[in-house]
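Scroll down for the structure; my scribbles are underneath it.
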Amino acid sequence: MKIGFITPEYPHPKIKQVAGLGTSIGNLIQALEAKGHTIYVFVYGHSEDDFFVERNIHYYLIGDISYTFGKWYRYRKHIQNVVQDIIRKESLQIIEVPDWTGISAFMKFSVPMVMRFHGSDCYFCHLEGRQQKWKNKLFEHLAVKGANAYIAPTTFAGQLTKSLFKISDQKIIETICHGLQINEFKNLEPSIFESRTMLYMGTIVRKKGVLELSSIFNLVKVQIPDARLIVIGSDASDISTGSSSTWELMKQEIKDSYLKDVEYIGRIPYNEVQTFIKKAHACVFPTFAESFGMVTVEAMALQKPVVNSNIGWAQELMEDGKSGFLVDPKAHQVYADKIITLFQDENLCQRIGKEARRYVELHFNMKNQAVKNIEFYNKILEL
């Protein structure tokens, strides 16, 4: 097949922006290309236009454009024209778009358009209990309405998104979990790590539970005085307080005497992610809003015990108490107790790590997920 992907990010050295959305798309594209399919990646919002080909993947970097007015419409139509031109020239069969920001609003193509639910602003606003901006709401509703079919990474995300956007029962929503290139995630020495070090990796933003993490760390330190916290990810402004730095808010919540044992590394290249995960004693993700949680699965694949949020989607990522722990992010003491238990029982860490790896191999192997995606694309083409 010839498949196109429109995305704001992608894990490639020439593309600066990458997070969970880009990582999940990258994993899928690599697996599809390995199976002989030709892939066209359209990365919008780039610093400048660029084009290059690697193996059977064609990269089109679409430069950002400054308009005197109406960029919200005109740039979307520019992206559409670039993509439609390639659809025509290269005979693409299907286009996949993300739900985030409703980038595909106002876009129409001569081939079916499949939308993958990475997590829309509407979805996250609902989970966080905050009001969505009217412009974001308009764009996302138009984009969702314009798609021919949908892929959800978890059943929870699919059902909630269907309800929020009032998607017709006539349209297909298929649950296909994100996957990992399993062979690229190996931890040959899981018993070697930096003792009593907890790792958080993700955007430093309220919805990810980072302010809860500060309180949780305080409680861990009471019983584990030499515990350390490593924080990795891009800092972000805080929508609730107006602060320009959520990291600064995090520090304010941590007891002063504990700050010396907290290290904020900031954003790192994707190729360094595994190194930091392997060093950690345990990984912690007390998030309130996800559609899947890619870094959680990456940590599990590297046989790392994870203490995760217990909300909706997270219950589809592991078996509580067996391949990880699922805890309410607001239950600070319970959350801290799970981390303390792991820090005090290395055998338990090893046992959970092995089960986590097994669970990932069974449910999130990209080779299997790629087959499911192709089957779904073919089903849509046959409609």
Can you pull the one-decimal nm distance between simple spin-label points at Asn271 and Glu319, each 7 Å off the Cα toward Cβ?
3.7
Taking amide H positions as placed in the peptide plane 1.01 Å from N, state which residues far from Val327 in sequence (5 or more) or on other chains have amide H under 5 Å from it.
Asn308, Ser309, Asn310
Taking R0 as 30 Å and r as the Cβ-Cβ distance between Asn81 and Arg55, the FRET efficiency 1/(1 + (r/R0)^6), rounded to the nearest 0.05, comes to 0.65
Links that overshoot a 27 Å alpha carbon limit, given the list Lys137/Lys208; Lys71/Lys208; Lys208/Lys367; Lys135/Lys367
Lys71/Lys208; Lys208/Lys367; Lys135/Lys367
Taking a spot 7 Å from the Cα of Val222 along the direction of its beta carbon, which residues of the stretch 339-382 have an amide N less than 20 Å from it?
339-345
Zone residues, the stretch 114-157, relative to Ser168, backbone N less than 18 Å from point 7 Å out along Cα-to-Cβ:
114-115, 141-151
Mind running the shape call on the stretch 267-357? Use the C-alpha gyration tensor, a ≥ b ≥ c as the square roots of the eigenvalues: rounded below 1.5 for a/c, prolate if a/b tops b/c, oblate otherwise.
rounded
Report, in listed order, any pair from Lys260/Lys338; Lys186/Lys379; Lys278/Lys372; Lys166/Lys379; Lys171/Lys322; Lys14/Lys207 with a Cα-Cα distance greater than 25 Å.
Lys186/Lys379; Lys278/Lys372; Lys171/Lys322; Lys14/Lys207
Checking the cross-link filter: which aspartates and glutamates have an alpha carbon closer than 12 Å to that of Lys35, excluding same-chain neighbours under 8 positions apart?
none
In the P(r) worked out for the chain, what percent of Cα pairs fall beyond 28 Å?
46
Using mean Cβ contacts within 10 Å as the protection proxy, how do 138-148, 190-200 order, highest first?
138-148, 190-200
Within-14-Å neighbourhood charge of Ser309 [Cβ basis; K, R +1; D, E -1]
-1
With both partners inside the stretch 1-156, how many of the DSSP beta bridges are antiparallel, as a percent to the nearest 5?
20
Order by protection proxy (mean Cβ within 10 Å, highest first), peptides 216-229, 239-252
216-229, 239-252
Taking amide H positions as placed 1.01 Å from N in the peptide plane, with prolines and chain starts having none, which residues 5 or more places from Gly209, or on another chain, fall under 5 Å of its amide H?
Phe288
Ranked packing of 328-335, 296-303, 311-318, most packed first, by mean Cβ within 10 Å
296-303, 311-318, 328-335
Under the classification rounded if a/c is under 1.5, otherwise prolate if a/b is larger than b/c and oblate if not, where does the stretch 166-253 fall, given a ≥ b ≥ c as square roots of the Cα gyration tensor eigenvalues?
oblate
Across 10 Å bins from the origin, how do the percents of Cα pairs in the stretch 110-260 run, short distances first?
9, 27, 27, 24, 11, 2, 0
Among the lysines, select those whose C-alpha is under 20 Å from the C-alpha of Lys89, and discard any that sit fewer than 8 residues away in the same chain.
Lys2, Lys77, Lys108
Simple SL model, points at 7 angstrom along Cα→Cβ for Lys89 and Leu348; separation in nm is 5.9
Multiply the residue separation of Leu259 and Gln333 by 0.36 nm, subtract the distance between their alpha-carbon atoms, and state the gained length in nm to one decimal.
24.7 nm
Can you figure out the FRET efficiency of Asn368 with Ala34, using R₀ = 22 Å and their beta-carbon distance, to the nearest 0.05?
0.95
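Throughout, read-outs are computed from the coordinates displayed, never taken from laboratory work. Note that the coordinates shown come from a computational prediction; the quantities given were computed from them, not determined experimentally. So basically every Cβ, Gly included, is an ideal-geometry build from the backbone, and we count neighbours across all protein chains shown.
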